[in-house]
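Data first, discussion second: the structure below is written as structure tokens.
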Amino acid sequence: MLQLNAVSRHFGGLQVLQGVDLDIPQGGIFGLIGPNGAGKTTVFNLITGLLPVTGGRISFDGRDLAGLKPHEITRLGLARTFQNIRIFKEMSLLENVMVGMHAHLNYGAAGLLLSLGGFRAEEKRARDRARELLSWVKLDHKAHDAADNLSYGDQRKLELARALATDPRLLLLDEPVAGMNSTEKTELMHEIENIQRRGYTIFMIEHDMRFVMGLCEQIAVLNFGRIIAQGNAEQIKNDPQVIEAYLGREEDEATADEEGAAA
């Protein structure tokens, strides 16, 4: 579904990504992990058109995404959430989700200004769909509440519902459980599984290893801008390069212990 072929991104002399190859298959949950500064969010920014690639190719269903603007990529069927929550706090939950549907509403400017029948029918359809999406993340009972009144965990769920409102075929989640407590993480894990069962493909970045290992069918590991491992949870957990990337070399640790003892 989504392919990255030899993708690189440089900022001046800094090589943030170097020859990244990824293939995200349709229908599953794919994870991208790595230490801080590995380049994970840059991957998402390249996919969604916020940054251009320096080299290589990104394609979605065989279509090259080079040169497309973010809203054009969204219309192709890609949606994302952000590490830092981006919701309209002064709007209701229902209004927040409806904002995500603007690219797919068909009433046009005249219908909006004149309140024509087509506009009213489209607005009802949008409201019904927004309520349905809120129910998926168990927020439908708060549909008319201001988003600013939500807990942090519920704000993350609202952002997920709004991303789904764009009617994506591929959903990109940037650290979806950041800042959540263990109960909220467990709830969101079940909701993401339910979304995947409804036919969505999910590609996520996440630091919580337990969350990733319990949810993702395939995982890639990025370190210093390069993919160092790919496989299922068991393979990744036992991969020597992954262990080194997260924990450091054993000999380095031993050296540090000796220096500490000497001090």
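Any read-out appearing in this document is the output of simple, stated calculations on the displayed coordinates, not a laboratory observation. Quick caveat, the model's predicted, so the values are computed rather than measured. Ideal geometry is used to build each Cβ from the backbone, glycine not excepted, and the neighbour counts take in all protein chains shown.
Residues whose amide H lies under 5 Å from that of residue 177, counting only those 5 or more places away or on a different chain, are absent; hydrogens are built 1.01 Å from N in the peptide plane. Taking 22 Å as the limit for the C-alpha separation, the pairs 40/69; 69/138; 69/124 exceed it in the case of 69/138; 69/124. The three principal axes of the C-alpha atoms in the stretch 146-255 carry coordinate ranges of 55, 29, 23 Å, sorted with the longest axis first. Ellipticity at 222 nm from helices only: DSSP H runs of n ≥ 4 in the chain, each -39500 (n - 2.57), divided by the residue count, give -12500 deg cm²/dmol. Counting only the Cα atoms, the chain fills a convex hull of 165 Å³ per residue. The slack in the chain from residue 124 to residue 193, taken as 0.36 nm per residue of separation less the alpha-carbon distance, amounts to 22.0 nm. Fully extending the segment from residue 183 to residue 76, taken as 0.36 nm per residue of separation minus the present Cα-Cα distance, adds 35.1 nm. Each label point was placed 7 Å from the Cα along the Cα-to-Cβ direction; for residue 209 and residue 50 their separation is 2.6 nm. What is the Cα centroid distance between the stretch 233-247 and the stretch 120-186, reported in whole angstrom? Here the answer is 33 Å between Cα centres. Placing a label point 7 Å from the Cα of residue 8 along the Cα-to-Cβ direction, the residues of the stretch 37-80 with a backbone N closer than 13 Å are 53-57. Going by the alpha-carbon gyration tensor, a ≥ b ≥ c the square roots of its eigenvalues, is the stretch 125-197 rounded (a/c under 1.5) or, if a/c is not under 1.5, prolate (a/b greater than b/c) versus oblate? The shape class here is oblate.
The listed peptides 74-83, 134-143, ordered by packing as a protection proxy, come out as 74-83, 134-143 (highest mean of other Cβ atoms within 10 Å first). Each DSSP beta bridge with both residues in the chain is either parallel or antiparallel, and the antiparallel ones are about 55%.
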